[in-house]
Each structure stands twice: as structure tokens, then as C-alpha cells.
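Taking it in order: structure first as C-alpha cells, then the write-up.
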Amino acid sequence: MSNNEFLLGLAKCKEGNFEDAIPFFSRSLLLIPNHIPSLYNRAKALHKIGKFSNAIKDFNVLVQLEPNNADFYTDRGVALHMDDKSEQALTDFNKAVALDPSNPYRYSSRAFVKAKMGNVFSAIDDYNQCIKLDPEDAVAYNNLGLLEQQLGYKQGAKESFLKADKLTAGEKNQFKKSAMYESMPIETKHTKKDISNSSKQGIKSAEADNPSRKVSTADYLKIIKEIFTNKNTQKEFMRFTKDLFKRKS
């Protein structure tokens with residue numbers, strides 16, 4: 001069954017018009033109730049524009065429809081954290097880790113929230129587990145270093161920062177595009193078939209102009225919204241946090 005409303009919603013997302021995309025996903029859901037791609041993309045679009053409570057409602061339905069989908073728990077956890085419900089967020093990250101224990105980013109996501117809640121030692125354990133699973137995760141090394149610095153473990157922090165720097169050497173150009181500003185469709189495994197048909201519907205994807213710019217303190221919350229799910233944005237956040245720490249030192 002063709003679902004033009006869903007495809008039009010995706011096109012709006014690619015243009016970066018997340019607010020305009022939401023009505024298309026809503027109409028898609030009227031046509032096909034519980035259409036998972038529409039629910040997921042509407043939830044992510046709501047998240048993008050800061051309507052976290054509404055996004056959580058959609059994620060609640062998604063979790064009911066697919067209770068073993070670790071991505072849904074992770075994404076709901078991010079929304080809960082942004083909605084000042086970190087305790088509930090941690091429960092979701094615990095579930096995501098239980099469902100997908102070999103995925104290093106489950107641990108780094110949970111570690112970030114634990115650190116924000118003051119559970120520094122537990123956060124360090126999660127970052128170490130992330131690094132064990134992915135020894136080339138520069139973000140995990142960087143964030144681990146920040147926590148070690150916080151605890152006064154100067155040598156450990158220095159070593160973690162050095163590893164992060166080595167892993168990101170030669171990658172300076174990647175920071176010219178932060179995923180925070182990229183116009184990308186919000187996808188899950190459920191959307192791929194729908195997206196592959198988009199060319200048949202005559203929908204042309206628009207590329208946003210993403211000029212190089214330095215991330216400022218004012219951008220912090222925007223970056224946090226994607227840190228858990230986008231590795232490129234995690235690296236941008238790594239650079240930002242290290243620069244911020246140096247300015248405070």
C-alpha cells in the first residue's frame with residue numbers, strides 16, 4: 001500500500017522542517033494505524049523541536065508494539081532525560097543494554113546519563129565496557145577522561161585524552177558538518193522499504209547548506225539531543241566538551 005503522507009513527512013525531515021513533517025506522519029497514522037515508521041519518525045521529529053513529552057507518548061506506543069527493540073528504549077530514554085526524568089531514562093537504558101549487550105553505544109548512552117545524575121563511578125564502568133567492545137571509540141575515551149579528571153585521576157585522564165586525540169587525528173574536516181545541522185531522514189529498519197520507493201513518488205531530497213562553524217555553549221542542548229544515537233555528533237560533542245573544560249581550567 002502506497003503511503004504518500006509518510007514519504008512527504010520524510011521529505012520534510014530531509015529539508016530540516018521537522019515541525020512541518022509532523023502533520024504528514026499524523027495523517028499517515030490515520031491511514032495506517034500503528035504504522036511503526038510513521039510513529040518513530042513523528043517521535044523523533046517531536047524530539048527535534050523540543051516537544052519531549054509528546055515524543056515520549058509515541059515512544060510508549062512503539063515500545064508496546066515492539067517490546068524487544070533496543071533502539072526504542074534508547075530513544076525514549078534520551079527523551080525522558082531531556083524531559084528531566086533521568087531516573088526513568090536510566091530504566092530505559094538498562095533495558096536497552098539487556099536487550100543489546102554487545103552494542104557499545106548502549107553503554108556510552110547510559111554512562112552519559114549516569115554521569116549527569118552524579119553516578120560517576122558507575123558511569124566510568126559503562127565507558128570502560130563501551131571501550132572494551134569498541135576500542136576505537138574516541139568519544140568514550142574522551143568522556144571517560146572528563147570523569148577521571150573530575151575525580152582527580154590526572155594520569156588516567158591524560159591517558160584517556162591522548163587515546164581520544166590519536167583516534168581523531170586527521171578527522172578535523174568531519175567537524176565542518178555537525179549532524180546537528182544535517183538534513184537527514186530519521187530512519188529505522190522499518191523505513192528502508194518506504195524510502196526506497198520515494199523516488200517512484202517523485203519526491204526529491206533537499207540538502208541543507210551546512211556551513212562550518214564553531215560549536216558554542218549555546219549549542220550544548222542541541223548537541224545533547226543527538227549524542228546518544230549519532231556517532232558523528234558524539235565526536236562533535238567530544239570536541240566541544242574538551243574545549244569547554246580547557247576554558248574553565
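A short reminder: the numbers here are calculations on the coordinates, not readings from a lab. As the structure is a computational prediction, the values presented were derived from the model and not from experiment. Every residue, glycine as well, gets a Cβ built from its backbone with ideal geometry; the counts of neighbours run over all protein chains shown.
Overview of results
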| read-out | value |
| --- | --- |
| Restraint check, Lys114/Lys166; Lys51/Lys85; Lys12/Lys44; Lys132/Lys163; Lys44/Lys114, Cα-Cα greater than 21 Å | Lys114/Lys166; Lys44/Lys114 |
| Gln155-Asn34 pseudo-label distance in nm [points 7 Å out on the Cα-to-Cβ vector] | 5.8 nm |
| Global form of the range 1-59, assessed from the alpha-carbon gyration tensor, a/c cut-off 1.5 | oblate |
